[in-house]
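Read the structure below first, then the notes.
The values are calculated or read from the model by the stated rules, or taken from the named source; none is laboratory data. It should be emphasised that the depicted structure is a prediction, and the values quoted were computed from it without experimental measurement. When the accessible area is computed, the model is the full protein with side chains, heavy atoms only, and any ligands, DNA or RNA have been set aside. Shrake-Rupley method; radii C 1.70, N 1.55, O 1.52, S 1.80 Å.
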Amino acid sequence: MIRLFRLAFIAALVAAMALAGAPVAAAHAARIAADPADGASLGQGPQRVSATFNEQLQPEFAAMTVVGPDGNLWSTGDPQVQGAVIAVEVRPLGPAGTYTVNYRVTSADGHPVSGSWSFRLTVAAAGTPGPSAARPAGSGGDGAIPVWPFLAVGALIIGGGILWATRRKT
Ligand SMILES: [Cu+2]
């Protein structure tokens, strides 16, 4: 009877670990806000653009650019990652039209997430563009983090639970 209880306990523990582990592996960071907002019409260019995600980002391998209607880069410098926010400085803008913000960030679980949104500048300004955006800026390598450390930690926890359960026999 006690042996049966112990087996049931172990089975429940393993099932709980599998259920708890699944969302971790599946959950990528998702963008929940953008500044300027997607589709915004602005009479004046922003000094910086930023995207906010639903979870902390890893600061490594982040990329963010602003590409103007002329095909040039209007972002300047490297993006900054702080908590769940990635931002990049923007030059004084130039021609009126659509500016597209492209980003690539690394989720807390190690998965790279990329996307883009755009805003419109309604009044042309006198800014000087950066280089052509044809050559992607800030691509410093693949940001993927291996999954095996998470699996190893999961196995340790399950193993510890089994050990604990078997030691509790009366
Ligand atoms: Cu993920």
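Report, to one decimal in Å, the Kirkwood hydrodynamic radius for the stretch 21-137 based on all distinct Cα pairs.
Its Kirkwood hydrodynamic radius stands at 14.5 Å.
Close amide-amide hydrogen proximity is noted between residue 48 and 90, each under 5 Å apart and 5 or more residues distant or on a separate chain (H modeled in the peptide plane; Pro and chain starts excluded). When all protein chains stay in place and ligands, DNA and RNA are ignored, the 1.4 Å accessible-area order of 150, 53, largest first, is 150, 53. Under 5 Å from the amide H of residue 34 lie the amide H atoms of 52, each residue being 5 or more positions distant or on a separate chain, with H modelled from the backbone and absent for Pro and chain starts.
Remark: the stretch 46-54, residue by residue, has Karplus-estimated 3J(HN,Hα) of x, 7, 8, 10, 8, 10, 10, 10, 7 Hz, where x stands for each Gly or Pro and the curve is 6.51 cos²θ - 1.76 cosθ + 1.60 at θ = phi - 60°. Largest accessible area first, the residues 85, 66 order themselves as 85, 66 under a 1.4 Å probe with ligands, DNA and RNA left out.
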